[in-house]
Amino acid sequence: MYRKRIPFQRERGTSVLATFPTSNPKCPPSSSSIALRAARSQPPPSTPQTPATATATTTTTTTTGTPLPFNTKQKSARRQSCCTRRTHSHSSRSVRSKQGTPIQMAAWAVPALAAAAWALRAAVWACLAASAMLVAEAAYMGLASLASAAAMLWRRPDARYRWEPMPGGCDVEAATGADFPMVLVQIPMYNEREVYKLSIDAACALTWPPDRIVIQVLDDSTDPIIKELVELECQDWATKKINIKYEVRNNRKGYKAGALKKGMEHIYAKQCEFVAIFDADFQPEPDFLLKTIPFLVHNPKIALVQARWEFVNYDVCLMTRIQKMSLDYHFKVEQESGSFVYSFFGFNGTAGVWRVSAINQSGGWKDRTTVEDMDLAVRASLKGWEFLYVGDIRVKSELPSTFKAYRHQQHRWTCGAANLFRKMAWEIITNKEVSIWKKHHLLYSFFFVRRVIAPLVTFLFYCVVIPLSAMVPGVSIPVWGLVYIPTAITCMNAIRNPWSLHLMPFWILFENVMSMHRMRAAVTGLLETARANDWVVTEKVGDLVKDDLDVPLLEPVKPTECVERIYFPELLLALHLLICASYDFVLGSHKYYLYIYLQAFAYVVMGFGFVGTKTPCS
């Protein structure tokens, strides 16, 4: 290489050539080029020049190598700064923090950061599109539920559908047997030591002619002591002239669906026209059948009458109060809107009465997923059957009061629904017995948005994308996606739960933590991995909700129990959020840390098990 000569203007306009030294050994560098190289290797000044330095004389060289005075300060400073930036650009790039402090980065980090920013921007807009879908779906369901509530002011369900009381009213002894249809009451249970007596007692107390009802206890318990207790309870009621049957199986194939299917195969069950299903912790009121059966008797197109759940332990801890908020929204919005607009909704698996002929026509109970209730409801809907939700009829039940039990329950519900979507999507598309509008509702609203998009976007957007965007320069989230959409979803939930408005901040943080488990469950169900069909029975406490515990208050806690109540996935997410929030607080400018710190605190609290009725040291 030879010396490169770059012309520039002198003060009076004459042309002078500035010589930049090269690495050619035949051309030794001059003293001026050595000085220029030393000046270029120095970092740029961090403070502006003073008036004293503004009058300094800058020297350069001509083609002969003699120094040339140059007194124009602005051009000299601009040329020196340009050379310095050109030198530093080959080794690193600088990013400034919110305080203005430059942060040097290696050259390899620049394309990596650009790729990360591009991917994160794509994730932001994908999450915003999914969030808009959630808001639109929530708004539609909210309006439909409000319309249903307004319609009930002058047209109750018994006015919209034909409903007439059973002959004799509550005095079933005065009515003849032919006036009442045969009803089968199924109670599936599995090692339900705490609640088996409650459900059996409530079922045996139902008001119905004794010769027109059969109580069927389907016991899949593996504990011989519990099986003996349940059998003795059934024998005790049998001595009181209650038609109760105690049924067991040699295996647990199909879990709950397998037990219900096996129970329908008995001769006495085939003689029944309707079947009521109650889980082991549900306690129906004595007039439950008198309120629900007339809808099925006088409306031959109705296959299912679903009652609302009522919770006896909603006030034992903050977690149960938050669960009540979510389930109240489910019944008041999702179930009411589905029943009012489409005459379809997902069967809740309990506290409902089915028409036996509809079950048989739809293919019966299937154990291909962990949501056998939803599976049967979708298949019955594709056959043209209608469903009715009656919120005025309530059945007492129990909420999971431990975080471990709630996690297992949510995994089963979310994974099963996503897995059912995988297995029934093509069946819904090719069905010819329902309208395109109903197919769209099943595929898009019922499955895709609520069972797939909702768990995925809640976790990815609020626990991954937003925290990471605080660490990557050049990634910003619009205000409408960051503030307006979450506010709209919260307000739509609060409208139907105004008495729980003070719990909304806790509800948001709690649901975001649970979104991690729901997201994993949804992916497991969609991909149908090994855990797709895991079934863990929800732990219950029964009478311990109302009665004092029999164990001493100061009973020592085993060290292993404390470790078992620590949840490492939550703690890892908490660490991730703390890092992102701290980076945003020190170097960022988004101020996302105000939210991220709160969410990280929620992950820490739930990660160490300080939620529910059983804490690490309780």
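Coordinate-derived values only; no laboratory data. Nothing here was measured: the structure is a model prediction, and the numbers come from that model. Note that we place each Cβ from the backbone using ideal geometry, even for glycine, and neighbour counts take in every protein chain shown.
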Can you list the residues, at least 5 places off or on another chain, whose amide H is less than 5 Å from the amide H of residue 402, using H built in the peptide plane?
-> 613
For region 362-488, give the magnitude of the charge dipole about the Cα centre (Cβ charges: +1 Lys/Arg, -1 Asp/Glu; no others), in debye to the nearest 20.
-> 200 debye
When the Karplus curve 6.51 cos²θ - 1.76 cosθ + 1.60 is applied with θ = phi - 60°, which whole-Hz ³J(HN,Hα) does each residue of region 495-500 get, with x for Gly and Pro?
-> 4, 8, 9, x, 6, 10
Under unit Cβ charges (Lys, Arg +1; Asp, Glu -1), what dipole magnitude, rounded to 20 debye, does region 221-380 have relative to its Cα centre?
-> 560 debye
Using amide H atoms built 1.01 Å from N in the peptide plane, name the residues 5+ places from residue 245, or on other chains, whose amide H lies under 5 Å from its own.
-> 215, 216, 217
Diffusion constant of region 177-255 at 4 °C, which comes from Stokes-Einstein with the Kirkwood Cα-pair radius and 1.567 mPa s, µm²/s = 99 µm²/s
Read phi for every residue in region 476-481 and hand back ³J(HN,Hα) as whole Hz from Karplus 6.51 cos²θ - 1.76 cosθ + 1.60, θ = phi - 60°, with x for Gly and Pro.
-> 10, 10, x, 5, 5, x
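Among 378, 434, what is the fewest-to-most ranking by other Cβ atoms within 10 Å? Walk me through the intermediate numbers first.
Values: 378 22, 434 17.
Exposure proxy ranking, most exposed first: 434, 378.
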If packing is taken as the mean number of other Cβ atoms within 10 Å per residue, what is the order of 582-591, 300-309, highest first?
-> 300-309, 582-591
So for 376, 318, fewest C-beta neighbours within 10 Å to most, what's the order?
-> 318, 376
Enumerate the amide H contacts of residue 541 below 5 Å, restricted to partners 5 or more residues apart or on another chain; note that Pro and chain-start residues carry no placed amide H.
-> none
